[in-house]
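Read through the structure below, which is laid out as structure tokens, and then see the notes.
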Amino acid sequence: MPLHKENILIVDDDIHILELLQRHLTALDFYTFKAVSVKEALTILQSRTIDLLITDLNMPGVDGMQLIKYTSEHFPKLPKLVITGYPSVDGALEAMKSGVVEYLTKPFTKDELKQAIAISLKEKKPKVTKTPRQQNAYGEIIGNSKAIKSVTQIIDRVKDNKATVLINGESGTGKELVARAIHYNGKYASAPFVAVNCGAIPENLLESELFGYVKGAFTGANEDRKGFFQAAHKGTIFLDEIGNASMATQLRLLRVLQEKEVVRVGAQKVEPVDVRIIAATNFNLESRIASQKFREDLFYRLTVVQINVPPLRDRLEDIELLVDKFIFKYGVEYKDKLMPITQEAINILKRHHWPGNIRELENVIQHAVIMSDKQITVDSLPDYLKFTIDFPKETALLPLKAVEKQHILKVLAHTNNNKSEAARILQIDRKTLSQKIK
Ligand SMILES: Nc1ncnc2c1ncn2[C@@H]1O[C@H](COP(=O)(O)OP(=O)(O)OP(=O)(O)O)[C@@H](O)[C@H]1O
Ligand SMILES: [Mg+2]
């Protein structure tokens, strides 16, 4: 008897095959998840821990081969088994090269299926001594840059202990992703991960939200209730936006960190807390301390280990990988096909400053996928990115016309391509501006 049932995701556009497979797999004592398209498969892969992917190759729209390539990159340790009704030698070869361990041709018997699964699952086991729950290691954190590798190295060092971690980084850099990676890749992964937005807790509910209450503690307290800290017992509590926590919240948190125990509202006895604390902020806490908006003692309690998540502009070499991921995500969602992106468009993305970081990049690609038919070109990018093209160096000596063009583009970029607003700034009428744009 296996210690636990494995989760198998089956992907096939033929419902009858899905049901047949599910019957076989249930009989073999596996849990199954069914998807009729790559789109559905992705949703499941993102929300569940899957131990084996079984997929058909030929499907309308985005096909099984593209799913295999994607998962080989983003879930490298996930074993894959291909099932197809069209045994083409080429298809098989391509699948093997992209990391598929087994290959099954329809029709197959239950025994053949069982054997193929056993081989697929065994392939990964001797290599990883960790529990199979960890196989999706950092699947979501994409990047080959030095900057992102130094982040994953720290994740490796803290994931299996309960050291308090402070994650610093601009908005949209992936702080929450890092926090989840620490939790879900470590040995406390089966315990809860509880995210708390510190800036959003109203003062009057603070104590009861964080530490819970007992029945009768106040009007409306009709039963005992857990707080965030009890809910995260043995797991991780993620204190997001800690820089926004009120002074009262900060004081409460400091006490928990010092005493390692909490008291529910209305209760007498203290409860020990056993949680790992991860906090995140996009503020520079040192300057918040200087302006007396953040407690210095709390800061030192929180910064046993610090992780600085780099802004996207410092890891531009990761742009292509990230773009690939988002083209896949939105190509599947909106167009049921994957569109290539031109080098020219990539060049523009690499020149942008990315104040909104990865979240901004994701929005840009989502926009571009919607606006494109066959491929993503410069034209499919949002206007505000286009107007940053080809600004010659400030020092170059330019003809008046070029300077005028440059200046108009700058103003348009500034106004988000609002022509009336741009005309007002330039002190010319709208018609003249339209002519010049032409
Ligand atoms: N390295 C990465 N690889 C792939 N996707 C990423 C990466 N970093 C961030 N993302 C994606 O970018 C988005 C923003 O990430 P996240 O919410 O973790 O950022 P954040 O730093 O918490 O932002 P905020 O400060 O605004 O709350 C998410 O959709 C996340 O999946
Ligand atoms: Mg966040």
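The values are calculated or read from the model by the stated rules, or taken from the named source; none is laboratory data. Since this is a predicted model, take the numbers as computed values, not measurements. Cβ coordinates were reconstructed from backbone atoms using ideal geometry, including for glycine residues, and neighbour counts include every protein chain displayed. Accessible surface areas use protein heavy atoms only, side chains included; no ligands, DNA or RNA. Shrake-Rupley method; radii C 1.70, N 1.55, O 1.52, S 1.80 Å.
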Item to check | ³J(HN,Hα), Karplus 6.51/-1.76/1.60, whole Hz, each residue of the range 374-379, x for Gly, Pro | outcome: 9, 8, 8, 10, 4, 4
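If each residue of separation counts as 0.36 nm, what is the full-extension length gain between V378 and I428 once their alpha-carbon separation is subtracted? Could you put the intermediate results ahead of the total?
Numbers: separation 50, 0.36 × 50 = 18.00 nm, distance 2.84 nm.
The V378-I428 span can extend by a further 15.2 nm.
Starting from 0.36 nm per residue, how many nanometres of slack lie between S72 and I119 once their C-alpha separation is accounted for? Walk me through the numbers before you get to the answer.
Working: separation 47, 0.36 × 47 = 16.92 nm, distance 1.76 nm.
15.2 nm is the gain from fully extending S72 to I119.
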Checklist entry - Long-range amide H contacts for Y103: which residues qualify at under 5 Å (H placed 1.01 Å from N, peptide plane, sequence gap of 5 or more or a different chain)? => result V82
Checklist outcome for this item: Largest-first ranking of M247, M371 by accessible area, probe 1.4 Å, whole protein assembly kept, is M371, M247
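Counting only helical runs of four or more DSSP H residues, what would the 222 nm mean residue ellipticity of the chain come to if each run contributes -39,500 (n - 2.57) and the total is spread over all its residues? Kindly include the intermediate steps, with their values, before the conclusion.
Numbers: 19 runs with 189 residues, N = 438.
My calculation for the chain gives -12500 deg cm²/dmol from helical runs alone.
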Checklist entry - For the range 400-408, in order, what is each residue's ³J(HN,Hα) by Karplus, 6.51 cos²θ - 1.76 cosθ + 1.60 with θ = phi - 60°, in whole Hz (x at glycine and Pro)? => result 3, 4, 5, 5, 4, 4, 4, 5, 4
Next on the checklist: Can you give me the Kirkwood hydrodynamic radius for the range 208-351, using every pair of distinct Cα atoms, in Å to one decimal?
Outcome noted: 19.0 Å
Checklist entry - When ligands, DNA and RNA are left out and all protein chains stay put, how many square angstrom of accessible area per residue does the range 146-308 have with a 1.4 Å probe? => result 49 Å²
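Please list T43, T249 in order of solvent-accessible area, largest first, computed with a 1.4 Å probe with all protein chains present. Don't skip to the end; give the middle numbers.
Numbers: T43 85, T249 0 Å².
From most accessible down to least: T43, T249.
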Checklist outcome for this item: Between K5 and Y334, the FRET efficiency computed from the C-beta separation at R0 = 41 Å comes out, to the nearest 0.05, as 0.70
Next on the checklist: For A195, what residues show an amide H to amide H distance below 5 Å, using hydrogens built from the backbone and excluding near sequence neighbours?
Outcome noted: F238
Item to check | Potential extension, K215-K419 segment - 0.36 nm per residue separation minus Cα distance | outcome: 67.3 nm
Checklist entry - Given labels modelled 7 Å from the Cα in the Cβ direction, how far is it in nm from E223 to R23? => result 4.2 nm
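Restricting to the chain, compute how many DSSP beta bridges are antiparallel as a %, nearest 5. Walk me through the numbers on the way to the answer.
Working: 3 of 39 bridges.
If I count the DSSP bridges inside the chain, around 10 percent turn out antiparallel.
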Next on the checklist: Bins of 10 Å, beginning at zero and ending with the bin holding the largest distance: percent of Cα pairs per bin for the chain, please.
Outcome noted: 4, 17, 21, 21, 19, 12, 5, 1, 0
Checklist outcome for this item: K438 and E261 label points (each 7 Å along its Cα→Cβ direction) are spaced in nm at 8.0 nm
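At a 1.4 Å probe radius, which order do S380, S287 fall into by accessible area, largest first? Provide the component values of the computation, followed by the final result.
Values: S380 5, S287 65 Å².
From most exposed to least exposed: S287, S380.
I242: net charge of surrounding residues, Cβ under 13 Å, Lys/Arg +1, Asp/Glu -1, itself excluded?
Details: positive: K175, R252, R288, K293, R295, R301; negative: E176, D240, E241.
So the environment of I242 carries a net charge of +3.
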Next on the checklist: Under a crude label model (7 Å from the Cα following the beta-carbon direction), how far is A200 from T105 in nanometres?
Outcome noted: 5.4 nm
Item to check | Share of carbon and sulfur in the accessible heavy-atom surface of the range 146-308 [1.4 Å probe, %] | outcome: 48 percent
Checklist entry - What list of ³J(HN,Hα) couplings, whole Hz, do you get for the range 419-429 from phi and the Karplus terms 6.51, -1.76, 1.60, once you set θ to phi - 60° and write x for glycine and proline? => result 5, 4, 4, 5, 4, 5, 4, 7, 6, 10, 7
